[in-house]
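Notes follow once the structure below has been shown.
The values are calculated or read from the model by the stated rules, or taken from the named source; none is laboratory data. Worth saying up front: this structure is predicted, and the values here are computed from it rather than measured. Here the Cβ positions follow ideal geometry from the backbone for every residue, glycine too, while neighbour counts run over all protein chains shown. Accessible surface areas use protein heavy atoms only, side chains included; no ligands, DNA or RNA. Shrake-Rupley method; radii C 1.70, N 1.55, O 1.52, S 1.80 Å.
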Amino acid sequence: MSERPPRSPRHALALTSQFVAGPAFAAHKTLLSRTALRRWVQAALLADAELTLRFVDAEEGQTLNRGYRGKDYATNVLTFAYAQDDSDPVTGDIVLCCPVVEREANEQGIALEAHYAHLIVHGVLHAQGYDHEADDEAQEMESLETEILAGLGYADPYASEKSAPAMPATPAKASTPAKPRRT
């Protein structure tokens, strides 16, 4: 995805959220207001979309990651994109694993809200075809994420990586499942 469509302030959005992570993550549910979720998703949209955000526990996160990516652990975010080509509308499910997101936010010393905002923006970009498998794709996606998050008032989530000594540029950030249709 080397050519970015011009960003429009508003695209049509049908957004559904499902919070099934359980009572241990009730504070997450409070933090993740419908207004905040819509704001974060809308900021990352480059086209009209129909998306579902699903907030899960470690067991469901691990089951999905194992079933779709062959990796037997819970990951922070999985994106299931259903468009078959660029002419199809943006549709997808974005699954966020609450305990993993919380652990990562604590380890990185960042606010839980900021980490959710980042991972939702990341997942929405995946739903629109962005990826980070190759270094150039990763740079483009990270740059777009940073720009979107700055517009939302959040710090660059990659700032510590940019200031660290040079390492291989394969990001280990949020992951997406293997196809059946995901981007």
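Table for the structure above
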quantity: Matching residues, segment 70-102, being open to solvent by 50 Å² or more (accessible area, probe 1.4 Å) and in contact with a helix residue (DSSP H, G or I) (Cβ under 7 Å, 6 or more places away or on another chain); calculated: Lys71, Asp72, Tyr73, Glu102
quantity: Single unsatisfied condition, Ala105 versus (1) out of contact with any helix residue (DSSP H, G or I) (no Cβ under 7 Å at 6 or more places or on another chain); (2) closer than 24 Å to Ser160 by Cβ; calculated: (1)
quantity: Selection from segment 15-39 of residues that are under 25 Å from Gly151 (Cβ atoms) and part of a strand (DSSP E or B); calculated: Leu15, Thr16, Ser17
quantity: Qualifying residue in segment 69-81 (condition: in contact (Cβ under 8 Å) with a residue 60 or more places away in the chain, touching a Ser or Thr at 6+ places or on another chain (Cβ under 8 Å) and in a helix (DSSP H, G or I)); calculated: yes
quantity: Any hit, segment 40-62, residues being open to solvent by less than 40 Å² (accessible area, probe 1.4 Å), assigned to a helix (DSSP H, G or I) and within 12 Å of Leu96 (Cα to Cα); calculated: yes
quantity: Some residue of segment 82-89 being under 23 Å from Leu144 (Cα atoms), free of Cβ contacts under 8 Å to residues at least 60 places away in the same chain, in a helix (DSSP H, G or I) and not aliphatic (A, V, I, L, M); calculated: no
